[in-house]
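The values are calculated or read from the model by the stated rules, or taken from the named source; none is laboratory data. Note that the coordinates shown come from a computational prediction; the quantities given were computed from them, not determined experimentally. Here the Cβ positions follow ideal geometry from the backbone for every residue, glycine too, while neighbour counts run over all protein chains shown.
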């Protein structure tokens with residue numbers, strides 16, 4: 001991949017817990033190509049949301065801090081920018097959508113006003129033109145009667161329509177990068193299918209790159225080109241979409257894939273990964289996954305495990321990467 | 001219309017029979033009524049799990065709440081072992097409550113944060129069964145063991161546990177007085193997939209050990225396919241289709257079931273790319289202003305004129321269960337066959 005849009009290198013985020021700094025995101029590196037959709041996958045506490053919030057310094061500081069690493073968007077370093085500089089990046093070049101649109105929308109303003117405000121903030125246009133742009137955007141994300149709906153408040157929209165409003169707002173300034181943090185998790189499956197299709201359309205139309213955060217490997221299979229699997233704040237595996245499902249190179253990925261319940265014929269007991277996800281304060285010394293790993297060796301527990309580059313953009317943080325044959329989706 | 005719908009001959013020993021259940025909400029007397037549950041009937045056998053699926057607003061949780069008497073039913077019956085739970089009062093209701101327990105999505109909000117586990121699980125033993133002292137402690141320890149926790153957890157508070165462990169505590173508490181029926185309302189939806197599977201396996205083990213029946217409400221179809229022998233598909237407070245899970249998931253007879261299944265993302269990129277999908281347009285209608293006829297008509301790919309005027313009656317399906325769809329009787333007249341029997345797709 002030549003000239004990626006986003007280069008994240010060694011990003012480390014810590015939070016102060018009262019007794020000391022805890023690493024919630026530990027030396028995470030990845031790139032996002034132009035027009036590409038990168039999936040960030042992991043269970044709760046894996047650090048996937050914090051990673052993405054940190055890209056545009058959206059984590060609360062304090063208690064959080066970006067203690068190391070760099071985030072370059074189109075060659076420009078974002079870590080260490082002043083609040084004012086960040087404001088010109090957020091929304092204009094990088095836009096976020098979240099799981100619960102109601103917490104991102106202001107209940108006291110109409111959706112049209114909120115989209116127009118966003119447009120006016122980043123573009124030199126007058127009120128009327130901004131309003132027209134808001135209506136146009138609502139129309140493009142498939143909201144019926146956009147001119148009338150623009151004058152309505154967030155509570156007058158259904159969950160799926162609210163997420164459409166968020167998408168309209170996010171793409172209104174034609175950002176280069178869209179960060180979507182579990183954008184369809186709270187939606188019903190039929191509405192999820194609509195929103196995923198809309199996101200794909202918007203991506204094609206505006207040529208955006210997308211970072212898609214989710215715990216749902218079904219959604220990943222549908223929308224992502226490449227995937228970074230996070231666990232305990234560290235990258236466990238990085239692979240192209242087909243490699244990840246059919247030829248996983250990390251035991252945690254294998255565990256996640258085998259645990260996905262299938263719609264097909266019922267097959268005995270469900271596979272599960274024993275134990276539960278770690279919290280930052282009790283991460284083991286070696287590999288974060290070692291206490292739950294079926295292939296664990298003594299050396300997994302003794303010290304930090306490096307990320308092994310496997311060529312073709314693949315990587316695995318596993319000491320046994322060359323001697324394990326893992327099972328993927330059939 | 002108020003005739004109880006014909007339900008599948010379950011062949012087994014019926015524990016719970018829900019008959020023509022209606023639940024209607026009104027915010028104010030002058031408001032339009034919201035018919036959250038509109039003539040729902042199905043049965044659940046002893047030792048069996050039935051899955052109830054549907055999108056938000058389909059009435060799945062309201063059915064559970066009506067059976068639990070947490071919301072009043074407008075009419076209908078919920079007969080558990082010969083007694084109609086909806087008409088019981090006083091001591092009879094209190095006694096019946098021992099037989100029906102519920103586990104919610106978020107165990108943290110259904111547990112008193114200032115009570116330790118020993119009391120959280122011990123309280124229903126004392127209140128409902130009068131078991132106290134050493135007998136109580138013994139039973140609590142046994143219950144904890146059954147759900148994969150141990151007596152060292154007895155003196156801990158809910159906040160000291162992970163989400164999965166908390167759900168185990170909620171299950172132990174629900175099972176404390178050996179209920180006949182446990183209603184699980186999105187009980188695994190908030191859990192990570194590996195934890196979710198641990199809980200599902202636990203539920204299956206507990207069912208084998210105790211013969212308890214589960215009414216399993218979930219929006220995750222793959223999970224329901226796994227745990228439930230039979231499935232009820234709801235839409236806007238009505239049963240669209242009901243029957244053996246295998247039949248519904250392999251050969252759905254209702255266009256809504258078909259669309260719902262087709263919308264589930266499959267964790268397999270190659271399958272996902274090749275898959276023909278029915279992406280439904282629009283959203284479910286406003287329950288306070290439902291359209292005449294079939295509630296699904298506006299989003300249905302097979303819609304016919306009759307669908308917009310008349311609600312279809314439930315008819316039997318080959319392979320078991322019932323379906324409420326005009327395709328079965330008028331139009332192409334499937335007469336009990338699944339949708340895959342349609343050679344031409346109308347609409």
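Side notes on the structure shown:
- The number of residues in the stretch A:150-164 that are over 12 Å from residue A:184 (Cα atoms) and either more than 12 Å from chain B (Cβ to nearest Cβ) or part of a helix (DSSP H, G or I) (or both) comes to 7.
- Residue match in the stretch A:16-24 (condition: more than 14 Å from chain B (Cβ to nearest Cβ), buried (at least 16 other Cβ atoms within 10 Å of the Cβ), at pLDDT below 95 and within 16 Å of the chain's Cα centre (by Cα)): yes
- Some residue of the stretch A:238-249 being out of contact with any strand residue (DSSP E or B) (no Cβ under 6 Å at 6 or more places or on another chain), surrounded by 24 or more Cβ atoms within 10 Å (Cβ to Cβ) and in contact (Cβ under 8 Å) with a residue 24 or more places away in the chain: yes
- Residue in the stretch B:170-187 that is crowded, with 23+ Cβ neighbours inside 10 Å and within 11 Å of another protein chain (Cβ to nearest Cβ) present: no
- Hey, residue A:235 touching a residue at least 40 places away in the same chain (Cβ under 8 Å), closer than 15 Å to residue A:38 by Cβ and either surrounded by fewer than 23 Cβ atoms within 10 Å (Cβ to Cβ) or away from every other protein chain (no Cβ under 12 Å) (or both) or not: yes
- Residue B:238 in contact (Cβ under 8 Å) with a residue 40 or more places away in the chain and surrounded by fewer than 22 Cβ atoms within 10 Å (Cβ to Cβ): no
- Looking only at the stretch A:168-198, and only at residues there that are surrounded by 24 or more Cβ atoms within 10 Å (Cβ to Cβ), closer than 30 Å to residue B:218 by Cβ and away from every other protein chain (no Cβ under 12 Å), the one that is modelled with the lowest pLDDT: A:183
- Any chance residue B:228 is crowded, with 21+ Cβ neighbours inside 10 Å, within 16 Å of the chain's Cα centre (by Cα) and more than 9 Å from every other protein chain (Cβ to nearest Cβ): yes
- Answer from A:276, A:272 - the residue that is facing another protein chain (nearest Cβ under 7 Å), under 16 Å from residue A:47 (Cβ atoms) and either part of a loop (DSSP other than H, G, I, E, B) or in contact with a helix residue (DSSP H, G or I) (Cβ under 6 Å, 6 or more places away or on another chain) (or both): A:276
- One residue alone among A:86, A:78 is under 20 Å from residue A:8 (Cβ atoms) and crowded, with 18+ Cβ neighbours inside 10 Å, and that residue is A:78.
- One residue from A:213, A:179, A:191 being within 17 Å of residue A:244 (Cβ to Cβ) and not in a loop (DSSP other than H, G, I, E, B): A:213
- Residue within the stretch B:18-39 that is in contact with a helix residue (DSSP H, G or I) (Cβ under 6 Å, 6 or more places away or on another chain), within 14 Å of another protein chain (Cβ to nearest Cβ) and at pLDDT below 95 present: no
- Hey, residue B:258 in contact (Cβ under 8 Å) with a residue 60 or more places away in the chain and either more than 12 Å from every other protein chain (Cβ to nearest Cβ) or within 26 Å of residue A:198 (Cβ to Cβ) (or both) or not: yes
- Output for the stretch A:250-265, where each listed residue is free of Cβ contacts under 8 Å to residues at least 40 places away in the same chain and more than 7 Å from every other protein chain (Cβ to nearest Cβ): A:264, A:265
- As for the stretch B:136-152, it holds at least one residue that is at positive phi and more than 22 Å from the chain's Cα centre (by Cα).
- Any chance residue A:205 is farther than 24 Å from residue A:94 by Cα and away from chain B (no Cβ under 11 Å): no
- Among the residues making up the stretch B:154-167, those that are buried (at least 17 other Cβ atoms within 10 Å of the Cβ) and part of a helix (DSSP H, G or I) are B:158, B:163, B:164, B:165, B:166, B:167.
- Test: residue in the stretch A:279-287 that is surrounded by fewer than 20 Cβ atoms within 10 Å (Cβ to Cβ) and facing chain B (nearest Cβ under 10 Å): yes
- Just so you know, in the stretch B:193-206 the residues that are over 24 Å from residue B:62 (Cα atoms) and in contact (Cβ under 8 Å) with a residue 12 or more places away in the chain include one that is farthest from the other protein chains (Cβ to nearest Cβ), and it is B:206.
- Residue match in the stretch A:107-122 (condition: touching a residue at least 60 places away in the same chain (Cβ under 8 Å), more than 14 Å from chain B (Cβ to nearest Cβ) and under 24 Å from the mean Cα position of the chain (by Cα)): no
- Note on the stretch B:72-85: among residues that are in contact with a strand residue (DSSP E or B) (Cβ under 6 Å, 6 or more places away or on another chain), assigned to a loop (DSSP other than H, G, I, E, B) and touching a residue at least 24 places away in the same chain (Cβ under 8 Å), the one that is nearest to residue B:181 (Cα to Cα) is B:73.
- Counting residues in the stretch B:274-286 that are surrounded by fewer than 20 Cβ atoms within 10 Å (Cβ to Cβ), in contact (Cβ under 8 Å) with a residue 40 or more places away in the chain and more than 8 Å from chain A (Cβ to nearest Cβ) gives one or more.
- Being over 27 Å from residue A:297 (Cβ atoms), outside any strand (DSSP E or B) and in contact with a helix residue (DSSP H, G or I) (Cβ under 6 Å, 6 or more places away or on another chain) is a property that residue A:263 has.
- For the stretch A:1-111, the helices (runs of 4 or more DSSP H) that sit wholly inside it and include 2 or more residues that are under 25 Å from residue A:192 (Cα atoms) are A:48-55, A:101-104.
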